[in-house]
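Below is one structure, written out as structure tokens, with a few remarks after it.
The values are calculated or read from the model by the stated rules, or taken from the named source; none is laboratory data. Note that the structure is predicted; figures quoted are calculated from it, not measured. So basically every Cβ, Gly included, is an ideal-geometry build from the backbone, and we count neighbours across all protein chains shown. Side chains are part of the model used for accessible areas, which takes the heavy atoms of the whole protein and leaves out ligands, DNA and RNA. Shrake-Rupley method; radii C 1.70, N 1.55, O 1.52, S 1.80 Å.
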Amino acid sequence: MTSRKKLIAGNWKMNKTSADASALVAGIVEAVGRQTDVDVVVCPPFTSLESVAKALEGSTVKLGAQNMHHEAGGAFTGEISAPMLRGLFATHVILGHSERRAYFGETDAAINQKVLAALKNQLRPIFCVGETLAEREAGATLKVVQTQLEAGLQGVNQDQASSVVIAYEPVWAIGTGKVATTEQAQEVHAFIRGLLTKLFAAPIAGKVRILYGGSMKPSNAPELLAQKDIDGGLIGGASLEARSFVELVNAAIAAK
Ligand code: PGA
């Protein structure tokens, strides 16, 4: 039991055409589009944001993007800004995902600029941190998470902090089927909560949702979601089918 409302977010990554996205979101809305026990966010690719936004109208499911540029506008070919996302009624944006860090060279400093820009535009960042397998094996997990967290949240003020959602995603667990044990996950989540308490006032740190991400699926979700500091999930693979995503939302409702 905790005062934090659980949050299940689907990260569709570079999957689903517009037509496929409409079918998926229709299934999600039908099954869990009216419940208010947990927060549900879907994050389609940019190309489907508008059609998914329309499909979500009148439901409790919220819309998120997977990335954005930190500037509001200008000569940045191929990029999308926070005001553009707000214009489509997006409420959340995933920032600093390990795939953005690894394949697109996003640094802690660049991610920090995005976090600040998102908050300035009333978008809730789903800010991702997590260690690689080599870093875990070298015993550097907590140090890596601390560095990413402190750098990414630099300049975030007390008023903004409770709007931030953190996602702890061990890189070695993403898309690999290798889920972190509940003990491994809870240890890092509790560590993150402690860091947040140092950065912000304790009542604010207590409100921040910390999601787990990395091969979360209906079979392992109940145990993860029962942990004290695990407030939901950022779901990749299992968010691509309505049935498994809905099962995850139901697992969060059961764990609330
Ligand atoms: P996964 O991805 O659930 O497919 O492991 C999670 C993520 O990358 O956000």
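Which percent of the accessible heavy-atom area of the chain goes to carbon and sulfur, probe 1.4 angstrom?
Working: 6130 of 11220 Å².
Here it works out to 55 percent.
Relative to the compact-globule estimate of 2.2 N^0.38 Å, the Cα radius of gyration of the range 145-256 comes out at 1.07.
Does the range 187-247 come out rounded, prolate or oblate by the C-alpha gyration tensor, with a ≥ b ≥ c the root eigenvalues, rounded set by a/c under 1.5 and, if not, prolate when a/b is larger than b/c and oblate if not?
Values: a/c = 2.95, a/b = 2.51, b/c = 1.17.
It is prolate, given that a/c is not under 1.5 and a/b is the larger ratio.
Restricting the GluC sites (Glu not before Pro) of the range 152-248 to loop positions (DSSP other than H, G, I, E, B) with no more than 14 neighbouring Cβ atoms within 10 Å leaves 241. P(r) tail, the range 177-219: Cα-Cα pairs separated by more than 12 Å, 63% of all pairs.
Highest mean first, what order results for 95-106, 224-235 on Cβ atoms within 10 Å?
On the way: 95-106: 18.3, 224-235: 23.2.
Ranking, from highest mean packing down: 224-235, 95-106.
Do any GluC sites (Glu not before Pro) in the range 1-62 lie in a loop, going by DSSP, with at most 11 other beta-carbon atoms within 10 Å of their beta carbon, and if so which? All intermediate terms of the calculation are to be shown ahead of the outcome.
Values: sites: 30, 50, 57; in loops: 57.
Listed in order of number, the matching sites are 57.
Please give the length that would be gained between residue 79 and residue 103 if that part of the chain were fully extended, namely 0.36 nm times their separation in residues minus their C-alpha to C-alpha distance (nm, one decimal).
This chain segment gains 7.0 nm when fully extended.
Just so you know, the Rg over Rh for the chain is 0.93, from Cα atoms, with Rh as the Kirkwood radius.
Rounded to 0.05, the FRET efficiency of the residue 146 and residue 253 pair, given R0 = 35 Å and the Cβ-Cβ distance, is 0.60.
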